[in-house]
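First up is the structure itself, then whatever we jot down about it.
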Amino acid sequence: MARRTARFRRRGLMFVLSSPSGAGKTTISRKLLEDDDNLQLSISATTRPKRPGERDGIDYHFVDHAAFERMAQGGELLEHAVVFGNRYGTPRGPVEKALAAGRDVLFDIDWQGTQQVYSKMPDDVVRVFILPPSIEELERRLHTRAQDSDEVVAQRMAKAADEMSHYDAYDYIIVNEQVERAVVEAKAILTAERRRLKRLIGLDSFVKQLRGEG
Ligand SMILES: Nc1ncnc2c1ncn2[C@@H]1O[C@H](COP(=O)(O)OP(=O)(O)OP(=O)(O)O)[C@@H](O)[C@H]1O
Ligand SMILES: Nc1nc2c(ncn2[C@@H]2O[C@H](COP(=O)(O)O)[C@@H](O)[C@H]2O)c(=O)[nH]1
């Protein structure tokens, strides 16, 4: 007798990482994306100047102020905020398309953006806040990244305490001491959130089939 393979689908989720600048969001994100075919990065638009090694359309969509304003006014951004004096925003189209196709989307956005996406799509958003092991280590990381001037590093350190004050608006906290450990923890959260009952579509008929009712 042929085996019947009952199937059910899942709506994609929005996996949001926030932290003070330099705590390790980009590092952790890259490792998550490397190992996970069902996860894609939301590529933000920003008016910030490109850092050495950054590529347009891969790390960010680098746009001027007029283009950013057009996107914001035209409703093309799911959220947007001013961070460290530059504008950042999440293009809406790729996110909606991915979620509908059951793909998960990873966001590296600040607390203001997290608040906006959560208020619009609370059932789809999983919020993770990354803390550094100490404030001294955070400063060391910003300096060793060697991509920002001392002035920019000082500006980011001055904002770190304010950023961290928003930790309690998140669902999960990861202290990024050892990057491998932090990645394991982020993967565990993602795996568990993917199995949440509320994200599964058509489970009812699968269970009916299992119960011999289908
Ligand atoms: N666990 C860790 N131990 C040591 N260094 C780390 C660790 N995690 C990240 N780093 C290093 O710290 C620096 C900052 O990390 P990263 O760029 O990932 O931070 P970020 O949170 O994305 O910052 P931003 O918000 O400014 O984009 C990088 O040079 C990275 O290699
Ligand atoms: N609200 C949003 N914040 C964003 C977005 N993209 C990035 N960010 C945050 O900005 C700071 C600085 O990033 P950097 O790359 O200039 O170091 C960091 O906290 C990011 O998480 C966005 O689309 N919306």
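The values are calculated or read from the model by the stated rules, or taken from the named source; none is laboratory data. Note that the coordinates shown come from a computational prediction; the quantities given were computed from them, not determined experimentally. Cβ sites come from the backbone with ideal geometry, for glycine too, and all protein chains shown count toward neighbours.
In table form, for the structure just shown:
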| item | result |
| --- | --- |
| In segment 108-131, the residues that are more than 13 Å from ligand 2 (Cβ to nearest atom) and assigned to a loop (DSSP other than H, G, I, E, B) | Met121, Pro122, Asp123, Asp124 |
| Lone unmet requirement of (1) of a type in the set (Asp, Glu); (2) touching a residue at least 60 places away in the same chain (Cβ under 8 Å); (3) under 23 Å from Leu13 (Cα atoms) for Asp171 | (2) |
| Residue match in segment 30-41 (condition: more than 23 Å from Pro132 (Cα to Cα) and assigned to a strand (DSSP E or B)) | yes |
| Within segment 70-108, tally of residues that are touching a Leu at 6+ places or on another chain (Cβ under 6 Å) and more than 21 Å from Leu32 (Cα to Cα) | 3 |
| Qualifying residue in segment 66-77 (condition: at pLDDT 95 or above and on the phi > 0 side of the Ramachandran plot) | yes |
| Condition met for Val16 (of a type in the set (Val, Ile, Thr), more than 30 Å from Pro133 (Cα to Cα) and crowded, with 16+ Cβ neighbours inside 10 Å) | no |
| Search result, residues across segment 55-78 that are within 11 Å of ligand 2 (Cβ to nearest atom) and in a loop (DSSP other than H, G, I, E, B) | Asp59 |
| Restricting segment 22-43 to residues that are touching a residue at least 40 places away in the same chain (Cβ under 8 Å) and basic (Lys, Arg), the residue that is surrounded by the fewest Cβ atoms within 10 Å (Cβ to Cβ) | Lys31 |
| In segment 1-36, the residues that are away from ligand 1 (no atom under 12 Å from the Cβ), under 30 Å from Leu142 (Cα atoms) and either charged (D, E, K, R) or at pLDDT below 90 (or both) | Glu34, Asp35, Asp36 |
| Restricting segment 95-151 to residues that are surrounded by fewer than 17 Cβ atoms within 10 Å (Cβ to Cβ) and of a type in the set (Ser, Thr, Tyr), the residue that is farthest from Gly12 (Cα to Cα) | Ser149 |
| Every residue from segment 79-107 that is in a helix (DSSP H, G or I), basic (Lys, Arg) and within 12 Å of ligand 2 (Cβ to nearest atom) | Arg92 |
| Any hit, segment 76-85, residues being away from ligand 1 (no atom under 16 Å from the Cβ), loosely packed, with under 13 Cβ neighbours inside 10 Å and of a type in the set (D, E, K, R) | no |
| Any chance Phe62 is over 21 Å from Ala192 (Cβ atoms), surrounded by 12 or more Cβ atoms within 10 Å (Cβ to Cβ), within 16 Å of ligand 1 (Cβ to nearest atom) and more than 18 Å from the chain's Cα centre (by Cα) | yes |
